[in-house]
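What follows is a single structure, written as structure tokens, with notes after it.
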Amino acid sequence: MNSIVECVPNFSEGRNGRVVDQIIDAILTVSGLCLMDVEMDADHNRSVVTFVGEKEIVGEGALRAIGKAAELIDLTRHRGSHPRIGATDVVPFIPVRNASLEECIAIARSVGQEAARRFAIPIYLYEAAATRPGRIQLENVRKGQFEGLREEIGKLPERHPDFGEPRMHPTAGATVVGARKFLIAYNVNLDTSDLSVAKDIAKKIRQSSGGLPCVKAMGVDLKSRGLAQVSMNLTDYEKTSVSTAFEAVKREAARHGVGISGSEVIGLIPQAALDSAAEHFLQIEGFRSEIIFENRLQNLLSKKQTLSDLSVAAFLDSVSQTKAVPGGGSVAALAGAAAASLGEMVTGFSFSKREEFQPQLRELLTKFNGARALLQSAIQKDSDSYAGVESALKMPKGTEEEKKLRQEQMQRALQAAALTPIDVAECAAGILMLFRQLNPISNPNLKSDLETGMAMAHAAIRGALANVAINLQSIKDEAFSIELKRRVSAVEKTAASPTPGNS
């Protein structure tokens, strides 16, 4: 990426993972965007998604997320402990590399205008993108939440949106879009269920009440854990560090006779923000290096996303496009991987029901797992192998020498393109044999799963062999063709063998 802008949209859904997955899939339909983090909180009933992309495309990802959230989230039914005014509640853009805050302001305003036009959602601008002083602070825009804004938006001029008509979307509410510096969402969990203690501490430490600069805080009831929480946003960690905020909460809690249960980072945190605040000192629950922003970004930039990294919806969308790859070969490999996964599931569930067969089941489980890994890698490998064919097709063919070189390259590419699907077919045939061993010793209640797995293995074999056949038509190396046909014949023989019945 030449430029990097971070976008951290917050959605008013933290309990239904399928809804959040669909929103993420919508974001990733924009080629070039990278998902960095997803946080779901059932008590807040809120999800925070972090993705990055070049400044020219990051806005479109946000727009598609806003549209999908409007389809799936109904604010009239939403209940949670976090303030909100919209299905997509807030969408900030943050400059990371080769992008300025001014450019993020322009992105935010463009997204706001387009979101109002596309989805009839009123849009408010905040932080650096705000057009009115009273809207710089998010809490001012969100005053009264969805229900309060719904009553006032059409009546009070000061509550009219920056973009769109002064009326709420009936189910998606309104959305706040802006540009800002890196914000750290940091929560400290108190060793008490008394919400009044958390609220009092939040009031003491937040800037608006004369507390710490660049700190927003509120008390939250974590019903699922029986704890009260001081939930904070540190809007400038260089002015108030994470450790300073933690110490302030700890000090105020002690005055109430309350201890600290732990703390948590929501989303990602810059390396610089950790300063000298060690993991032990902050008591961050589940601390891991992956929550460091730079670490996650570096991992993403250094790792090429493969087809097997995509969600099911994103993979299917990629297959549906009018292009050569991914095509039948990759789908055949996916079918085989799905078969192996079902084999693992049936085997695992059979352990407790068929204890006398545990040694055999353990061996089968290992083999199913290995087959799944091989086929999962073949999903990408099949598409990559076809790239050699496309490259050969683009070679010049004007002179006799060029024609010869092109033909030689084409033959090598066709052979490579034939080897991946025959490997897939052989692996899927091996899975069929594993299922035949598993069938008589498996949990009989999983018969439908076992049969589905076998059907997927057969589909993988048929699809892969079809890809072998299409390449064989153009391969001129007789010895190579004979060997390939021998392997095809062996796979077909395995596939045609009968399956023993259940014992």
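Out of (1) more than 18 Å from the chain's Cα centre (by Cα); (2) modelled with pLDDT of 95 or more, what's the single condition that is false for P83? Unmet condition: (2).
Candidates R180, R167: the one that is touching a residue at least 24 places away in the same chain (Cβ under 8 Å), under 23 Å from A87 (Cβ atoms) and in contact with a Ser or Thr (Cβ under 8 Å, 6 or more places away or on another chain) is R180.
Checked against the criterion of being of a type in the set (K, R), modelled with pLDDT of 85 or more, surrounded by 16 or more Cβ atoms within 10 Å (Cβ to Cβ) and in the same structural domain as G327 (by TED's automatic domain parsing), the candidates R372, R412, R436 yield just one match: R372.
Return a yes/no flag: does the range 448-464 have any residue that is under 21 Å from E363 (Cα atoms), of a type outside the set (S, T, Y), in the same structural domain as A332 (by TED's automatic domain parsing) and surrounded by fewer than 19 Cβ atoms within 10 Å (Cβ to Cβ). There is at least one residue in the range 448-464 that is under 21 Å from E363 (Cα atoms), of a type outside the set (S, T, Y), in the same structural domain as A332 (by TED's automatic domain parsing) and surrounded by fewer than 19 Cβ atoms within 10 Å (Cβ to Cβ). Looking across the range 91-111, the residues that are among the hydrophobic types (A, V, I, L, M, F, W, C) and crowded, with 17+ Cβ neighbours inside 10 Å come down to V91, F93, I94, V96, A99, C104, I105, I107, A108, V111. Quick one: would you say T452 is at pLDDT 90 or above and of a type outside the set (K, R)? Spelling it out, T452 is indeed at pLDDT 90 or above and of a type outside the set (K, R).
Residues that are in contact with a helix residue (DSSP H, G or I) (Cβ under 7 Å, 6 or more places away or on another chain) and of a type in the set (D, E, K, R) within the range 1-30 comprise E13, D25, listed in sequence order. Applying the condition of being of a type outside the set (G, A, S) and closer than 23 Å to V48 by Cα to the range 250-278 and asking which residue is surrounded by the fewest Cβ atoms within 10 Å (Cβ to Cβ) yields Q271. Scanning the range 22-48 for residues that are among the acidic types (D, E) and either over 12 Å from G267 (Cα atoms) or without any contact (Cβ under 8 Å) to a residue 12 or more places away in the chain (or both) yields a count of 2. Mind checking whether some residue in the range 348-362 is touching a helix residue (DSSP H, G or I) at 6+ places or on another chain (Cβ under 7 Å), assigned to a helix (DSSP H, G or I), crowded, with 17+ Cβ neighbours inside 10 Å and without any contact (Cβ under 8 Å) to a residue 60 or more places away in the chain? Checked against the condition, which is being touching a helix residue (DSSP H, G or I) at 6+ places or on another chain (Cβ under 7 Å), assigned to a helix (DSSP H, G or I), crowded, with 17+ Cβ neighbours inside 10 Å and without any contact (Cβ under 8 Å) to a residue 60 or more places away in the chain, the range 348-362 yields no hits at all. Here the range 114-130 is the region considered, the condition is being more than 19 Å from T235 (Cα to Cα) and in a loop (DSSP other than H, G, I, E, B), and the residue that is nearest to the chain's Cα centre (by Cα) is I121. Scanning the range 84-107 for residues that are farther than 14 Å from F11 by Cβ, touching a residue at least 60 places away in the same chain (Cβ under 8 Å) and of a type outside the set (K, R) turns up F93, I94, P95, V96, N98, A99, L101, E103, C104, I105, I107. Checked against the criteria, E238 does not count as free of Cβ contacts under 8 Å to residues at least 60 places away in the same chain and touching a helix residue (DSSP H, G or I) at 6+ places or on another chain (Cβ under 7 Å). Within the range 311-347, the set of residues being in a helix (DSSP H, G or I), of a type outside the set (A, V, I, L, M) and buried (at least 16 other Cβ atoms within 10 Å of the Cβ) comprises F315, S318, G328, G329, S330, G336, S341, G343, E344, T347.
Helices (runs of 4 or more DSSP H) fully within the range 138-249 that include at least 3 residues being surrounded by 15 or more Cβ atoms within 10 Å (Cβ to Cβ) and modelled with pLDDT of 95 or more: 145-152, 195-205. Would you check which residues across the range 112-137 are under 17 Å from R180 (Cα atoms), charged (D, E, K, R) and surrounded by fewer than 16 Cβ atoms within 10 Å (Cβ to Cβ) and list them? Passing the criteria: only R132.
Residue selection: S308 satisfies the criterion of being in contact with a Leu (Cβ under 9 Å, 6 or more places away or on another chain), under 30 Å from L361 (Cβ atoms) and either surrounded by fewer than 16 Cβ atoms within 10 Å (Cβ to Cβ) or modelled with pLDDT under 85 (or both).
Against the numbered list (1) surrounded by 20 or more Cβ atoms within 10 Å (Cβ to Cβ); (2) at pLDDT 90 or above, Y386 comes up short only at (2).
The values are calculated or read from the model by the stated rules, or taken from the named source; none is laboratory data. Model, not experiment: these values are computed from the prediction. With ideal geometry, Cβ positions are generated from the backbone for all residues, glycine too; neighbour counts draw on all protein chains shown.
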